[in-house]
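Read the structure below first, then the notes.
The values are calculated or read from the model by the stated rules, or taken from the named source; none is laboratory data. Since the structure is predicted, the reported quantities are computational estimates derived from the model, not experimental observations. For neighbour counting, all protein chains shown are included, and Cβ atoms are generated from backbone atoms with ideal geometry for every residue, glycine included.
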Amino acid sequence: MPASPVATPVWKYDNAQAVEIVLSGRVSTEEFDKVARKLEAFIERHGEIRVLEVIKDFEGMDAGAFWHDVQFSLRHVQDFSRIAIVTNPDVHHLWSSLVAPFMRCDVEHFSPGEMEAARDWLMWPEGAVD
């Protein structure tokens with residue numbers, strides 16, 4: 001069975017202001033916009049949020065989705081307090097070179113086998129020591 005396109009937020013932790021998003025398949029503009037609307041509502045409700053982005057079997061996005069992603073990211077660059085990205089190292093390096101310089105929050109990358117570590121890092125209280 002082929003991977004479904006971009007998934008809507010898989011889980012939300014309102015008390016931790018966190019959401020998990022899974023990217024797979026090819027993302028259309030409509031699919032991106034649907035997820036963006038849900039994220040904007042979550043941001044509106046909570047202010048700064050934490051995001052766990054899981055990238056697996058991702059085949060890219062159409063030009064419209066890419067443009068909407070750029071616009072969304074610029075509009076909400078200060079609305080993220082922490083981002084954990086779970087993906088293979090090749091995608092990690094591409095993301096880091098393109099997007100990371102613009103992020104103002106803590107961003108950590110994890111390999112696919114480190115999902116629980118990514119969730120633990122994401123949920124760790126701000127300012128807490130190890």
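Being within 28 Å of Arg45 (Cα to Cα), at pLDDT 80 or above, out of contact with any Gly (no Cβ under 7 Å at 6 or more places or on another chain) and surrounded by 13 or more Cβ atoms within 10 Å (Cβ to Cβ), is that true of even one residue in the range 89-105?
yes
Name every residue in the range 44-83 that is buried (at least 18 other Cβ atoms within 10 Å of the Cβ) and among the aliphatic types (A, V, I, L, M), in order of residue number.
Ile49, Val51, Leu52, Val54, Met61, Ala65, Ile83
Restricting attention to the range 19-43, which residues are of a type in the set (D, E, K, R), within 14 Å of the chain's Cα centre (by Cα) and crowded, with 18+ Cβ neighbours inside 10 Å?
Glu20
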